[in-house]
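The values are calculated or read from the model by the stated rules, or taken from the named source; none is laboratory data. None of these values were measured; they are calculated from a predicted model. Cβ sites come from the backbone with ideal geometry, for glycine too, and all protein chains shown count toward neighbours. Accessible surface areas use protein heavy atoms only, side chains included; no ligands, DNA or RNA. Shrake-Rupley method; radii C 1.70, N 1.55, O 1.52, S 1.80 Å.
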Amino acid sequence: MADIQVASAAATDSPRSLNDGQWCVWTNTTTGYIFYVNSSDDLVFLKSTDSGATWGSGQTVRTGTVIAFAVWYDQWTPGNSGTKIRVAYIESGDDDVFYRDLQTATDTLGTDTTVVALSTASALGGPRITITVARSGVVYVGGTIDGGAEEFFESS
């Protein structure tokens with residue numbers, strides 16, 4: 001198969017994840033999602049249903065100054081047959097960490113929820129965030145901001 005340009009926006013906008021600026025989730029051989037922070041600092045995703053040959057328009061997960069994010073697909077957890085993509089992100093406008101899920105069966109976004117309220121959040125000093133779902137179904141979000149001055153680890 002020839003190389004495919006996913007989308008010029010996803011390829012050129014600011015990297016804000018720990019995975020070179022984008023997170024890809026494939027739910028099957030034909031359906032994929034790419035999450036990234038656009039030039040307006042909004043967290044968005046694109047979806048393909050034809051193995052990446054074409055991609056839909058950007059759908060906003062969070063409008064605001066997102067400085068770092070991470071995703072976890074339910075089926076990356078052994079024994080989990082769920083269909084949600086879990087998204088955790090640090091937003092410097094509110095200086096907080098947020099969580100939202102995307103139900104891939106319907107492409108419906110869940111409620112934007114505050115994970116932890118922090119005092120400041122800056123892109124300087126390498127903000128870090130990670131998310132995972134345990135076999136029990138508990139969602140864990142952890143990370144650090146402000147060059148390690150503020151750390152967090154929360155569970156659902």
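Numbers for the structure displayed
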{"item": "Pairs, first in contact (Cβ under 8 Å) with a residue 12 or more places away in the chain and surrounded by fewer than 16 Cβ atoms within 10 Å (Cβ to Cβ) in the stretch 78-95, second assigned to a loop (DSSP other than H, G, I, E, B) and of a type in the set (S, T, Y), C-beta under 6 Å, six or more apart", "result": "T83/T104; G93/T65"}
{"item": "N28 being out of contact with any Asp or Glu (no Cβ under 6 Å at 6 or more places or on another chain), modelled with pLDDT of 95 or more and assigned to a loop (DSSP other than H, G, I, E, B)", "result": "yes"}
{"item": "Matching residues in the stretch 64-75 - criterion: being free of Cβ contacts under 8 Å to residues at least 40 places away in the same chain and open to solvent by 40 Å² or more (accessible area, probe 1.4 Å)", "result": "T65"}
{"item": "From V61, V116, residue being under 15 Å from the mean Cα position of the chain (by Cα), hydrophobic (A, V, I, L, M, F, W, C) and either surrounded by fewer than 17 Cβ atoms within 10 Å (Cβ to Cβ) or in a strand (DSSP E or B) (or both)", "result": "V61"}
{"item": "Residues being part of a strand (DSSP E or B), closer than 18 Å to V37 by Cβ and either modelled with pLDDT of 95 or more or hydroxyl-bearing (S, T, Y) (or both) - total across the stretch 71-97", "result": "7"}
{"item": "Residue among S81, S57, S48 that alone is of a type in the set (S, T, Y) and in contact with a strand residue (DSSP E or B) (Cβ under 6 Å, 6 or more places away or on another chain)", "result": "S48"}
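The rows are residues; the columns are (1) in contact with an Asp or Glu (Cβ under 9 Å, 6 or more places away or on another chain); (2) within 21 Å of S155 (Cα to Cα); (3) surrounded by fewer than 17 Cβ atoms within 10 Å (Cβ to Cβ); (4) not acidic (D, E).
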| position | (1), (2), (3), (4) |
| --- | --- |
| L43 | yes, no, no, yes |
| L46 | no, no, no, yes |
| D50 | no, no, yes, no |
| G56 | no, no, yes, yes |
| Q103 | no, yes, yes, yes |
| T132 | no, yes, yes, yes |
| V138 | no, yes, yes, yes |
